[in-house]
Each structure stands twice: as structure tokens, then as C-alpha cells.
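The values are calculated or read from the model by the stated rules, or taken from the named source; none is laboratory data. If you're wondering where the values come from, they're calculated on a predicted model, not measured in any experiment. We place every Cβ from the backbone using ideal geometry, glycine too, and count neighbours over all the protein chains shown.
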Amino acid sequence: MNEKLLYKIHVRGRVQGVGFRWSAAREARTLGLKGFIKNLSDGRVYIEAEGTREQLNTFLEWCRKGPQFSSVVSVESASFPAVDYTEFSIEH
């Protein structure tokens, strides 16, 4: 059974002002994930993504690379029970 999980993800590096949120949201939607992404005041990006473990691990691999002009230093994630998001959105 493909149980849904929620990953809370922090991405550190040059990830603001380089299209990271937009690109990550597009990737998440392509993978069928739900949740949101937002910039943090300390320069990191925060993501809550919900889906199967396989979908989420594929998304984590994408986050480690990021879009063309980003430079990802680290990706930290933790797994939680799903909360049933209905879409993947970009928060401002």
C-alpha cells in the first residue's frame, strides 16, 4: 500500500531570488505532490510536501540539485503523518 506521508523540508544555499520556489512547485505538481513552499527570513526555503515515500524521495533528489541558477548547500527533511493538502501552492 502506498501510504501518504508529509515531509517537512528545509533547503539551504542560494535558493532565494533564483526561481527555486517556482521550479520546485512545478516539480512537485508533476510528481503529484500536495503541500506548499515558502521563503524563510533566514535565506532558506521551507517546503511541506505530501505524497508517497517514492514520490517524496524523488522530490528530495530534485531539491538537492535545484533549478539552474540555484546552489543548494543542504537539504534537511523529516517525515510526519499526512495532513491531506489539496494542492501544491507557493506562499509569499
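Just one of the numbered conditions (1) within 18 Å of Gln16 (Cα to Cα); (2) in contact with a Lys or Arg (Cβ under 9 Å, 6 or more places away or on another chain) is not true of Arg64: (2). Restricted to the range 1-83, the set of strands (runs of 3 or more DSSP E) holding at least 1 residues that are among the hydroxyl-bearing types (Ser, Thr, Tyr) and crowded, with 20+ Cβ neighbours inside 10 Å comprises 5-14.
Which is in contact with an Asp or Glu (Cβ under 8 Å, 6 or more places away or on another chain), at pLDDT 95 or above and not acidic (Asp, Glu), of Tyr46, Tyr7? Criteria check complete, one pass: Tyr7.
Applying the condition of being closer than 17 Å to Leu5 by Cα and in contact (Cβ under 8 Å) with a residue 60 or more places away in the chain to the range 25-80 and asking which residue is nearest to the chain's Cα centre (by Cα) yields Ala28.
If you go through the range 75-91 and keep only what is touching a helix residue (DSSP H, G or I) at 6+ places or on another chain (Cβ under 9 Å) and either modelled with pLDDT under 95 or of a type outside the set (Phe, Trp, Tyr) (or both), you end up with Val75, Ser77, Ser79, Glu87, Ser89, Ile90, Glu91.
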